[in-house]
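Report on the structure given below.
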Amino acid sequence: MYLKEYNFESGLLVAVCDKDLVGKSFEEGGLSLKITARFYKGEDATEGAVIASLQRATVANLVGKQAIKCALDNDFIEEASVIFIDGVPHAQMLKI
């Protein structure tokens, strides 16, 4: 997985995606998803690194089977919050 962190005054935004999705675009119905290298391609991360980052995050964008499974397995998101765009799972996490 790729992991990229963005620090803002308001908190930490984390982007996580499966490596094989970078540079691809998906559309279904009225939804579209672009997995740009600029936003998503950060460090090559282990599951442990992703978990540590998500624990600190206030907002996260997650794309791909591996990224979503990691977030689900560690209770960062719920199954109901996962959408599929052309078969690719995507979820956002927001801590309030």
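None of the figures in this text is laboratory data; all of them are computed from the coordinates on show. Because the structure is a prediction, the values reported are computed rather than measured. A quick note on method: Cβ atoms are made from the backbone with ideal geometry, for glycine too, and the neighbour counts reach across all protein chains shown.
Quick notes on this one:
- Mean residue ellipticity (222 nm) of the chain, computed from DSSP H runs ≥ 4 via -39,500 (n - 2.57), nearest 500: -6500 deg cm²/dmol
- Assigned charges on the beta-carbon of Lys, Arg, Asp, Glu; the chain dipole about Cα centre (debye): 280
- Among L62, L54, L33, the largest mean-square fluctuation in a Gaussian network model of the chain, built with springs joining Cα atoms closer than 10 Å, belongs to L33.
- Crossing angle, helix 47-56 versus the chain [Cα axis fit, 0-90 degrees, rounded to tens]: 70
- Ordering S53, S10 from the fewest to the most neighbouring beta carbons within 10 Å gives S10, S53.
- DSSP loop GluC sites (Glu not before Pro) with at most 13 other Cβ within 10 Å: longest gap in the chain: 10-77
- In summary, the chain shows an alpha-carbon radius of gyration equal to 0.99 times the 2.2 N^0.38 Å reference for compact globular proteins.
- Listed from fewest to most Cβ neighbours within 10 Å, the set D86, D75 follows the order D75, D86.
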